[in-house]
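The block underneath contains the structure these notes are about, expressed in structure tokens.
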Amino acid sequence: MKGRHPPQKTRERNRPEAEPAGKRVTLPRALSKLGYCSRTQAERLIAESRVVIGDRVVTDPSTWVDLSTAIIKVDGRKIAAEARIYLMLNKPRGLVTTRHDPEGRPTVYDCLTDFDVPHLSPVGRLDKASEGLLLFTNDTEFAQALLDPITHVPKSYHVQIDRIADDSMLSAMTSGLRHDGELLRATSARKLREGDRNSWIEVELQEGRNRQIRRMLEALDIACLRLVRVAIGGLELGDLPRGSVRALNEAELKDLRRKIGASKKIRD
């Protein structure tokens, strides 16, 4: 009959499948939740036919799995949820933030010899010449949330420069400076102390752009003599000796989770 609508089942045939409830997630997210690797790394493993669910090789990253029942293997090894670890390191100057350096330079992992955790990764980076607070975890969701610019978790740095800081310089850093066509801005900048020819300033960032403070200083023709990250959110470096590592306590974890708005999404 003309004018009749097709049956409801036909009309809904091409609708995208809704996300399943409960513990069902996509395979890359499952590997991430289990602390095995990031979702990007998981997609690569899946594409290389290295991931098995039950006895079936899976090559489609959109495959749904039930975390409560699925048996997942990578390279023939069963993947189980690892105990979550959260560490802070006072990174010394001269170490690169990578696990393996092709040039053979010392890395931050040289400070972690007491922690034999296969998938322990740094949360963000500090360049070779920078020092201070660097976090490590095998909780990929926590790391991603902490780095997400949407969460606006502040990071504080103490920076030694080759001149006496003045109000115009500090104001320029918070107003915004262009370097290589990119606008760079600090959330706050203030002078801490000064000597005869140099001074220390405190700079707070909410962005995570590569070498941001050094590039802002370059735009002002100012040399950076030392750069030390002293805090992430409310977590302070404190008196942790250089090159030393310690675990975060429950209060520190709770505070960081509150700051990233993830206390309900990320659990022990």
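The values are calculated or read from the model by the stated rules, or taken from the named source; none is laboratory data. Predicted model, so just to flag it, every value in this text is computed and none were measured. Here Cβ is always computed from backbone atoms with ideal geometry, including for glycine, and neighbour counts include all displayed protein chains.
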Residue match in the range 170-185 (condition: in a strand (DSSP E or B), at pLDDT 95 or above and not aliphatic (A, V, I, L, M)) | no
Q.
Against the definition (free of Cβ contacts under 8 Å to residues at least 40 places away in the same chain, in contact with a strand residue (DSSP E or B) (Cβ under 9 Å, 6 or more places away or on another chain), outside the structural domain of Asn90 (by TED's automatic domain parsing) and surrounded by 17 or more Cβ atoms within 10 Å (Cβ to Cβ)), how does Leu170 come out, yes or no?
A. yes
Picked from the range 241-268 (must be among the hydrophobic types (A, V, I, L, M, F, W, C) and modelled with pLDDT under 85), the residue nearest to Lys23 (Cα to Cα) is Ile266
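Would you check if there is a residue in the range 64-78 being among the hydrophobic types (A, V, I, L, M, F, W, C), modelled with pLDDT of 95 or more and at negative phi? Quick ask: steps written out before the conclusion?
Residues of the range 64-78 that are among the hydrophobic types (A, V, I, L, M, F, W, C), as a first pass: 64-65, 67, 70-72, 74.
Those still in the list that are modelled with pLDDT of 95 or more too: none.
Checking the range 64-78: not a single residue is among the hydrophobic types (A, V, I, L, M, F, W, C), modelled with pLDDT of 95 or more and at negative phi.
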The residue that is farthest from Leu126 (Cα to Cα), considering only those in the range 191-211 that are within 26 Å of the chain's Cα centre (by Cα) and modelled with pLDDT of 95 or more, is Ile201
Checking Pro61, Pro102 in turn, the sole residue that is assigned to a loop (DSSP other than H, G, I, E, B), modelled with pLDDT of 90 or more, within 24 Å of the chain's Cα centre (by Cα) and over 30 Å from Val159 (Cα atoms) turns out to be Pro61
If you go through Leu227, Leu248, the only one that is outside the structural domain of Arg163 (by TED's automatic domain parsing) and touching a residue at least 40 places away in the same chain (Cβ under 8 Å) is Leu248
Exception for Leu133 within (1) under 17 Å from Gly234 (Cβ atoms); (2) touching a helix residue (DSSP H, G or I) at 6+ places or on another chain (Cβ under 8 Å); (3) not basic (Lys, Arg) falls at (2)
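Tell me, yes or no, whether the range 200-223 has at least one residue that is assigned to a loop (DSSP other than H, G, I, E, B), within 23 Å of Ile85 (Cβ to Cβ) and touching a strand residue (DSSP E or B) at 6+ places or on another chain (Cβ under 7 Å).
Narrowing the range 200-223 to residues assigned to a loop (DSSP other than H, G, I, E, B): 206-211, 220-223.
Checking the rest, the ones that are also within 23 Å of Ile85 (Cβ to Cβ) come to 208.
After this cut, where a residue has to be touching a strand residue (DSSP E or B) at 6+ places or on another chain (Cβ under 7 Å) as well, the list is none.
Among the residues of the range 200-223, not one is assigned to a loop (DSSP other than H, G, I, E, B), within 23 Å of Ile85 (Cβ to Cβ) and touching a strand residue (DSSP E or B) at 6+ places or on another chain (Cβ under 7 Å), which makes the answer no.
Just to be sure, is Leu253 in contact with a helix residue (DSSP H, G or I) (Cβ under 9 Å, 6 or more places away or on another chain) and part of a helix (DSSP H, G or I)? Steps first, please.
Values: in contact with a helix residue (DSSP H, G or I) (Cβ under 9 Å, 6 or more places away or on another chain): yes; part of a helix (DSSP H, G or I): yes.
When the stated conditions are applied, Leu253 passes them.
So that you can scan it fast, the table gives a plain yes or no per residue for (1) out of contact with any strand residue (DSSP E or B) (no Cβ under 8 Å at 6 or more places or on another chain); (2) crowded, with 16+ Cβ neighbours inside 10 Å; (3) of a type in the set (D, E, K, R); (4) within 16 Å of Leu248 (Cα to Cα):
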{"site": "Ile85", "(1), (2), (3), (4)": "no, yes, no, yes"}
{"site": "Lys91", "(1), (2), (3), (4)": "no, yes, yes, yes"}
{"site": "Leu95", "(1), (2), (3), (4)": "no, yes, no, no"}
{"site": "Thr98", "(1), (2), (3), (4)": "no, no, no, no"}
{"site": "Glu103", "(1), (2), (3), (4)": "yes, no, yes, no"}
{"site": "Tyr109", "(1), (2), (3), (4)": "yes, yes, no, no"}
